[in-house]
Amino acid sequence: MEILLAAAIGLLTAGGIYLILRLRTFPVILGLSLLSYACNLFIFAAGRLAPGLVPIIHKGSAGYTDPLPQALVLTAIVISFGMTAVLVMLAIGAHLGGGDDKVDLNE
Amino acid sequence: MPLFLIAALPFLGALMPGLTIRAGRSAYAVASAVFTALALFGVLQHAPAVMAGQVVTWRMDWLPQAGLALSLRLDGLGLLFAGLILGIGLLIQLYARFYLSPADPVGRFFAFLMLFQGAMLGIVLSGNILMMAVFWEMTSLSSFLLIGYWRHLPGGRQGARMALAVTGAGGLAMLAGLILLGQVTGSYELSDILAKGDLVRQSPLYRPILALILLGAFTKSAQFPFHFWLPQAMAAPTPVSAYLHSATMVKAGLFLMARLWPVLAGTPEWSVLVAGAGLVTMLLGAGVALFRTDLKAILAYSTVSHLGLITFLLGLGTEEAASAAMVHILVHASFKAALFMLAGIVDHAAHTRDIRQLGGLRRLMPVTFALALVATLSMAGIPPLNGFLSKELMLEQAAHAGTPVALAALFGAALSVAYCLRFLAGTFLGPERADYPHTPHDPGPGLWAAPALLVAVVIATGLFPMLLAPLAAAAAAAVTDVPQHLHLALWHGLGPAALWMSLGAIGLGLTLWGGWPRLSLLPAMPEAKTIYDLKIAALVALSRSVNRLVDHGRLAPPLAIASLTILDVGLWAFLTGSHTPGTRALTPLEPAPLAGFVLLVAATLGTVAFHRQRLLSLLLIGIAGLMISAFFAWAAAPDLALTQITVEVVTVLLMLLSLSFLPALTPAESRATRRLRDGLIAGTVGLGAAALTYGLLVRDFAFPTISAFHLANSKPGAGGTNAVNTIIVDFRGYDTYGEIIVLGIAALVIFALAEVLLAPGPANNRLLARRPDPARAGDRHPMMLVVVTRFLLPIALMVGVYIYLRGHNLPGGGFVAGLVVAIGFLLQYLASGHGWTEAHQRVNHHALIGAGVLVASATGIGAWLAGRPFLTSAYGYIHLPPLEEFEWATAAAFDLGVFLCVLGAVMLALASLSRLAQRGGERVAPRAHDVLSEEAEN
């Protein structure tokens, strides 16, 4: 499974990077969302894979997965929503205020 | 009263106008005066002990490892300044109450004023030099706000910027000097540093320390060549000029020099720099003052000159001169604050401050004239007023410093006599005029009471000079570290040189004033402001050209460069660092995750491939998010799975809404070569990320992680079995606390952006001109959807409460619960329309965010009441028959704050977007499930 997770993170990163290099706001926001997925999965991966070993304390447990990266990722997911929302609003503002949705300044 | 409370009182007072936003001038003035008076009372309580030579201290360690402590001290010098700051502060509050018009934003004024008062009091009470530097910068900032208080005046804005640039730059230099000083002495505590004067003076770093600290002092106290900002700051309202720019803030530089006098003074460098700058400033200020016609400009340059005088005295480096400096600080504050207020009264009454348009006011404004007469004569050094005392002390000290210095001092005193006469005569003497911009008359006692009190002090301390002696002596003892006994008297006999110099100065001053018609023909000196403006313009041009080298207004190049640089650094670290092969056992491949992986790959590739068709790519990215959520569920992270899926729903809704304002398609603009290049960059960086992840996953932890601690203490320490939740609400509660605040701020930013777009302007015009897509279906709010979502709402609420309650022990918690409830409400927006939902909603989103942060804060502060650090949690068990025993934990209250904040933030963000939609012509349905009827269409 490790190789699948690594491949997924690589693919999400590549897709994200490609999209943030586009010229319009909407693809850039999509790209940032993909990058957020990749980052969250990577932080999660720092706790290594331990399927079945949930971080809920209970009797007779064989062990637990690392709860700390999970806590970090949980808050990161919520914050990335906040960031996306602000970006979306900025994109709308730029489009309505400036008349187009280009990310670059008009020289 | 403990020193901490005294130092905190003005800041608490600054909150009052904020809490009582529409209370009016009197309420603000009284509220801030009460806090100032309480602080003054606290200082006076300590006065007897301090006068007897004790040092009152208060201290709380903050980061003892780094030598940082909240350390306060009150000695004689601090007492003198604290008395000035609070005493004159009270008078200024009285004056400002009557000076400002009800049309001004008076609450803001008093809030800034109290902020300044707190900062200034903080400087003089600091027992730690780093803390002093922080307060120092706060005075610069609050002074900026006060100078620019009348935002509509360009002069005010320019003056505020200049004052901030000059004093802020000086403050930075001073900070560097103080850090060096701390390095040399090994401590940032003032008491330690003051005891190590010899060590500092012999250190090779002495000269840099002195130069840097003096830069701070000279900029703040407007010493040559940094004097030019002070006259520009006169665009401030007059109470500000009287308070900050004559009595207190500009004396902070003097305070600093006096404070560090035992450490830095007594060397040739000190004497040359400080006494030299002081003497030049004294002459220059007095000379320029003579040529000004604006009353406040004359007073400003006169202040520059008097600050120079005090700097000169401190620079002489003798104990007698330091004592004289302390006396003059008191004396100058008394007459100069009074004069500023009187100039403000004249301005108020005659609507001009230009002496070319004034004159002859003595009969029209007799009270003002009488007060100004006394204060001006004191400034000129005429006996028996207190200005005579300190001027004589100064001349006495100058006489000891050699003939050239004595002559320069004499000339400076003569110039001051001359500009005082010009000030007085130009305003009040001469014939009455017929062409005042406004017929002047004396104001009510509210305006002249404060200067009158100060004038009373001027006369009393002039007639009975020993009134000044105890305080000045206590301050001088603190400066010189040796007990001082001052003997102040008007008459010392015919022997001392100072008497004859005083007489000479008065005579010469009269002559200069008499020769004014000819003097006024002298060519004007170059304006310091012009030079400053030229330099600033050059700096701006320089930074623009540097900026142009790196920033071309394009987003992609820096992002590409940054991505590749990160990749290269990682590669370099991998190739040059040592590492062991991965030995961790791999988890076996399972069919269900494999299927999820295939879907994820397809969705991600599809998102990229079809990114021009925005709706399609949005749907595809939603699939990717769902697969990640499923992955979390598989990988033993139920909390993450719940959060991911709920956030995914909210995010897709948000983006869908945004698509109705953005073009539906992305045009193909970039050339194939560029797409290839971007694809190569993205592919390489993606490979790097994959390799890094794989390398990480196949290796075991290099060090034991701290997670074992969290797992072991989750139940006994935090009282919950869900280790992820206990980390969020307990172990790392502070992070979460910051996080919900950030989320709340993000939502408020979105709201504010929507407000901006809805304000009149091009964006609003485009919104109004926007035509929604032609209806694709006749039924805008399908009955089925409406009914189902209404049924779902109570269920969503119940599920939310359930998830919140179980969160501490099982997957769930405030974040997920907030999102679930938010989705329940969002579905109503979706199905029944914005108008219907808004009309049925009674809870304000802003209030939800605020309540969330407040609940979380209150939980954290509750720990203080139990004597524990912020956010320490507690839990226990309650048995209520007939229920089972159940657990309570303060962390649940904190999680409630998280819940409310998340709910409010999500709702506010989406509601802001739908407000845009309404403005953009989306019709509000009066009823929820409406096939729009014919009359509504028309």
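The values are calculated or read from the model by the stated rules, or taken from the named source; none is laboratory data. Because the structure is a prediction, the values reported are computed rather than measured. Neighbour counts run over all protein chains shown; Cβ positions are idealised from the backbone, glycine included.
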Quick one: count up the residues across segment B:583-627 that are in the same structural domain as B:Gln644 (by TED's automatic domain parsing) and among the basic types (Lys, Arg). 2
Just to be sure, is B:Leu567 more than 7 Å from every other protein chain (Cβ to nearest Cβ) and under 19 Å from A:Thr25 (Cα atoms)? no
Say whether the condition of being closer than 24 Å to B:Leu676 by Cβ and in contact (Cβ under 8 Å) with a residue 60 or more places away in the chain is met by at least one residue in segment A:28-42. yes
Name the residue that is farthest from the chain's Cα centre (by Cα), counting only residues in segment B:701-719 that are more than 8 Å from every other protein chain (Cβ to nearest Cβ) and surrounded by 18 or more Cβ atoms within 10 Å (Cβ to Cβ). B:Gly719
Could you grab me the full set of residues in segment B:704-724 that are in a helix (DSSP H, G or I) and more than 20 Å from B:Thr890 (Cβ to Cβ)? B:Ser707, B:Ala708, B:Phe709, B:Leu711, B:Ala712
Could you check B:Ile382 against (1) closer than 21 Å to B:Leu463 by Cα; (2) buried (at least 24 other Cβ atoms within 10 Å of the Cβ); (3) more than 34 Å from the chain's Cα centre (by Cα) and say which number it fails? (2)
Considering segment B:177-193 alone, what residues qualify as being out of contact with any Gly (no Cβ under 8 Å at 6 or more places or on another chain), surrounded by fewer than 18 Cβ atoms within 10 Å (Cβ to Cβ) and in a helix (DSSP H, G or I)? B:Ile179, B:Gln183
Would you check which residues across segment A:49-60 are surrounded by fewer than 24 Cβ atoms within 10 Å (Cβ to Cβ), at negative phi and either within 7 Å of chain B (Cβ to nearest Cβ) or in a helix (DSSP H, G or I) (or both) and list them? A:Leu49, A:Ala50, A:Pro51, A:Leu53, A:Val54, A:Ile56, A:Ile57, A:His58
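Can you pull out every residue in segment A:49-107 that is of a type in the set (A, V, I, L, M, F, W, C), in contact with a Lys or Arg (Cβ under 6 Å, 6 or more places away or on another chain) and within 23 Å of B:Ala746 (Cα to Cα)?
A:Leu96
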Evaluate the following for A:Ala46: is it within 7 Å of another protein chain (Cβ to nearest Cβ) and buried (at least 24 other Cβ atoms within 10 Å of the Cβ)? no
Could you identify the single residue in A:Leu23, A:Leu11 that is surrounded by fewer than 20 Cβ atoms within 10 Å (Cβ to Cβ) and either touching a helix residue (DSSP H, G or I) at 6+ places or on another chain (Cβ under 6 Å) or within 7 Å of chain B (Cβ to nearest Cβ) (or both)? A:Leu23
Output the residue which, of all residues in segment B:867-893 that are part of a loop (DSSP other than H, G, I, E, B) and within 22 Å of B:Ile727 (Cβ to Cβ), is farthest from the chain's Cα centre (by Cα). B:Ala874
Unique residue being surrounded by fewer than 23 Cβ atoms within 10 Å (Cβ to Cβ), of a type in the set (Asp, Glu) and either touching a His at 6+ places or on another chain (Cβ under 7 Å) or more than 9 Å from chain A (Cβ to nearest Cβ) (or both) when the list is B:Glu739, B:Glu755: B:Glu755
Of the candidates B:Leu68, B:Leu86, B:Leu63, the one satisfying the condition of being in contact with a helix residue (DSSP H, G or I) (Cβ under 6 Å, 6 or more places away or on another chain) and aliphatic (A, V, I, L, M) is B:Leu86
Filter segment B:581-617 for residues that are in a loop (DSSP other than H, G, I, E, B), closer than 28 Å to B:Leu696 by Cα and free of Cβ contacts under 8 Å to residues at least 60 places away in the same chain and give the result. B:Pro581, B:Ala585, B:Thr587, B:Pro588, B:Leu589, B:Glu590
Flag for B:Ala235 being under 21 Å from B:Ala165 (Cβ atoms) and among the hydrophobic types (A, V, I, L, M, F, W, C): yes
Of everything in segment B:642-674 that's assigned to a helix (DSSP H, G or I) and over 21 Å from B:Ala905 (Cα atoms), which residue is nearest to the other protein chains (Cβ to nearest Cβ)? B:Arg674
Quick one: is B:Ala434 outside any helix (DSSP H, G or I), over 15 Å from B:Met365 (Cβ atoms), in the same structural domain as B:Ser502 (by TED's automatic domain parsing) and among the aliphatic types (A, V, I, L, M)? yes
In this structure, is B:Thr303 crowded, with 24+ Cβ neighbours inside 10 Å and either closer than 17 Å to B:Phe423 by Cα or β-branched (Val, Ile, Thr) (or both)? yes
From the list B:Arg770, B:Arg806, which residue is over 18 Å from B:Leu827 (Cβ atoms), within 14 Å of chain A (Cβ to nearest Cβ) and at pLDDT 85 or above? B:Arg806
Matching residues, segment A:68-107, being surrounded by 17 or more Cβ atoms within 10 Å (Cβ to Cβ), facing chain B (nearest Cβ under 7 Å) and more than 24 Å from B:Leu659 (Cβ to Cβ): A:Leu68, A:Gln70, A:Ala71, A:Val73, A:Leu74, A:Thr75
Keeping to segment B:216-268, report how many residues are in a helix (DSSP H, G or I) and touching a residue at least 12 places away in the same chain (Cβ under 8 Å). 37
Does B:Ser629 satisfy the condition of being touching a residue at least 40 places away in the same chain (Cβ under 8 Å) and within 43 Å of the chain's Cα centre (by Cα)? no
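Yes/no matrix, rows are residues, columns are (1) crowded, with 18+ Cβ neighbours inside 10 Å; (2) under 30 Å from B:Met783 (Cα atoms); (3) not assigned by TED's automatic domain parsing to the domain that holds B:Arg780:
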{"residue": "B:Gly800", "(1), (2), (3)": "yes, yes, no"}
{"residue": "B:His840", "(1), (2), (3)": "no, yes, no"}
{"residue": "B:Gly852", "(1), (2), (3)": "yes, no, no"}
{"residue": "B:Ala856", "(1), (2), (3)": "yes, no, no"}
{"residue": "B:Ile861", "(1), (2), (3)": "no, no, no"}
{"residue": "B:Trp864", "(1), (2), (3)": "no, no, no"}
{"residue": "B:Asp895", "(1), (2), (3)": "yes, no, no"}
{"residue": "B:Ala905", "(1), (2), (3)": "yes, yes, no"}
{"residue": "B:Leu910", "(1), (2), (3)": "yes, yes, no"}
